[in-house]
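Please treat every number below as a calculation from the coordinates, not as lab data. Just so you know, these numbers come straight off a predicted model, no measurement behind them. Cβ coordinates were reconstructed from backbone atoms using ideal geometry, including for glycine residues, and neighbour counts include every protein chain displayed.
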Amino acid sequence: MYTNILFATVSLLAVGNCYPGLAGGTLDGHGYRKPGPGDRRSPCPMVNSLANHAFVARSGKNISVDEMVNAIDVALNLSPLSSRPVVETAATTSTTGYPNTFNLDDLKQHGVIEHDSSLSRNDVFFGDNHRFDEVIYATTAAGLSAGGPVVSIATAARVRRARNRAARAVNPQFEFTPREDTFSQFESALYLAVFGNGTQGDAPMRWVDIMFREERIPYNEGYRRPTRMISNDDILELASKVAAAAPIFT
Ligand code: HEM
């Protein structure tokens, strides 16, 4: 019995350490630091946030599929069932020489996950498809804020469609098929799921903004890893709600 109690206590302590941001937990080596010279970053604001908090290597280099899947679980409590397929797709862009690892900037390869009409990046046609673009994001942020302090599914969907129309209007090589549409729906679903209320959306705008603008997990503003796991079904449900609220292909 004592062995069981000891085991339970040690497990609880371990959980406290593994899951920073939980009540009683600390950031324990997962403090925020901007990337330094030579560090690699991706077109995804959340993947970059995970590196900026050392849930994956801060360098953004030679990240294994398991390392990324585990980071998403530990930091965000998003089911590996949901993250693993996208991480495995990400690994197909690898330039490390090893198919099971990738550098974060490998993810900018156009047409694998990266697509036109991102909310915070420019299209590949204009040269840089992976760094945060202040001008593009300003329009996104204005649209997201217009709905008030929380981003509803309807607002997220409207902003996604508006950005799509704006990008289509100026990019002579604009490319956006149902495949890209699916990725884009999932990206909106993911930020709504991670920061919002179950499958209802309503993500605090301040948190969403910090993810995009600073590539930081908003612990200082109150974010905590949810105790309930975000399931693959949650993501599918949110993605279909986003698609239905403001369809891009009608
Ligand atoms: C928990 C998880 C995640 C969240 C909240 C998230 C969020 C987002 C968001 C909001 C975007 C759109 C950025 C924009 O339009 O400007 C995005 C894009 C992207 N994400 Fe993630 N993501 C997550 C996981 C992942 C994973 C696991 C990968 C692969 C390792 C990934 C790879 C990408 C890539 C390559 C893009 C660029 C797509 C584009 O062209 O806009 N993301 N992500």
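How big, on average over all directions, is the shadow cast by the Cα convex hull of the chain, in nm²? If you can, show how the numbers build up before the last one.
Working: hull surface 57.6 nm².
About 14.4 nm², averaged over all directions.
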Original post:
Going 7 Å from the Cα of residue 229 toward and past its Cβ, which residues in the range 95-117 have a backbone nitrogen under 19 Å from where you end up?
Top reply: none
**OP:** Return the whole-Å distance between the Cα centroid of the range 232-250 and the Cα centroid of the range 123-139.
**Re:** 24
Original post:
Once phi is turned into ³J(HN,Hα) by the Karplus curve 6.51 cos²θ - 1.76 cosθ + 1.60 with θ = phi - 60°, what whole-Hz value does each residue of the range 198-214 show in order, with x for glycine and proline?
Top reply: x, 9, 9, x, 6, 8, x, 4, 4, 5, 4, 4, 5, 4, 5, 7, 10
**OP:** Let me know the Rg and Dmax you get for the range 165-215 when you use only its Cα atoms, in Å.
**Re:** 13.7, 39
**OP:** Among the trypsin sites (Lys or Arg not before Pro) in the range 186-241, which ones are in a DSSP loop with at most 10 other Cβ atoms within 10 Å of the Cβ? Mind listing them?
**Re:** 228
Original post:
By how many degrees, 0 to 90 and rounded to 10, does the Cα axis of helix 134-146 deviate from the longest principal axis of the chain?
Top reply: 80
**OP:** Please find, in a Gaussian network model of the chain (springs between Cα atoms separated by less than 10 Å), the residue of 157, 142, 57 whose mean-square fluctuation is greatest.
**Re:** 142
**OP:** Would you mind giving the three semi-axes, in whole Å and largest first, of the ellipsoid equivalent to the range 17-165 according to its Cα gyration tensor?
**Re:** 25, 21, 15
Subject >> Table column - 3J(HN,Hα) (Hz), the range 80-93, Karplus curve with 6.51, -1.76, 1.60, x for Gly and Pro >> reply: x, 4, 7, 7, 4, x, 6, 5, 5, 5, 4, 5, 6, 8
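First obtain the Kirkwood hydrodynamic radius of the range 35-88 from its Cα pairs, then insert it into the Stokes-Einstein equation at 4 °C and 1.567 mPa s, and state the resulting D in µm² per second as a whole number.
Values: Rh = 11.1 Å.
After rounding, the answer is 117 µm²/s.
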Subject >> the range 91-250 - percent relative contact order, Cα under 8 Å, separation 6 or more >> reply: 22
**OP:** Starting from the coordinates of the alpha-carbon atoms of the range 206-250, obtain the Kirkwood hydrodynamic radius over all distinct pairs and give the value in Å to one decimal.
**Re:** 12.8
Subject >> P(r) of the range 68-117 over all Cα-Cα pairs, binned every 5 Å from zero, in whole percent >> reply: 4, 22, 25, 23, 18, 7, 0
**OP:** Return the single residue from 35, 178, 149 with maximal mean-square fluctuation; model: Gaussian network over the chain, springs between Cα atoms under 10 Å.
**Re:** 178
Subject >> For residue 26, distant residues with modelled amide H under 5 Å away >> reply: 21
Original post:
How big is the gap, in Å, between the Cα center of the range 32-63 and the Cα center of the range 144-205?
Top reply: 23
**OP:** For the chain, set up a Gaussian network in which alpha carbons nearer than 10 Å are linked by springs, and say which option among 172, 43, 80 fluctuates the most.
**Re:** 172
Subject >> Residues with amide H under 5 Å from that of residue 150, placed H, sequence gap 5 or more >> reply: 205
**OP:** State the dimensionless ratio Rg/Rh of the range 134-239 (Rg: radius of gyration of Cα atoms; Rh: Kirkwood radius).
**Re:** 0.98
Subject >> DSSP loop chymotrypsin sites (Phe, Trp or Tyr not before Pro) with at most 15 other Cβ within 10 Å: longest gap in the chain >> reply: 1-173
Original post:
Around residue 33, with a cut-off of 13 angstrom between Cβ atoms, what is the net charge of the other residues, counting Lys and Arg +1 and Asp and Glu -1?
Top reply: +1
**OP:** For the range 241-250, take each phi angle, set θ = phi - 60°, evaluate the Karplus expression 6.51 cos²θ - 1.76 cosθ + 1.60, and give the result in whole Hz per residue in order, putting x for glycine and proline.
**Re:** 5, 4, 4, 6, 5, 8, x, 8, 9, 10
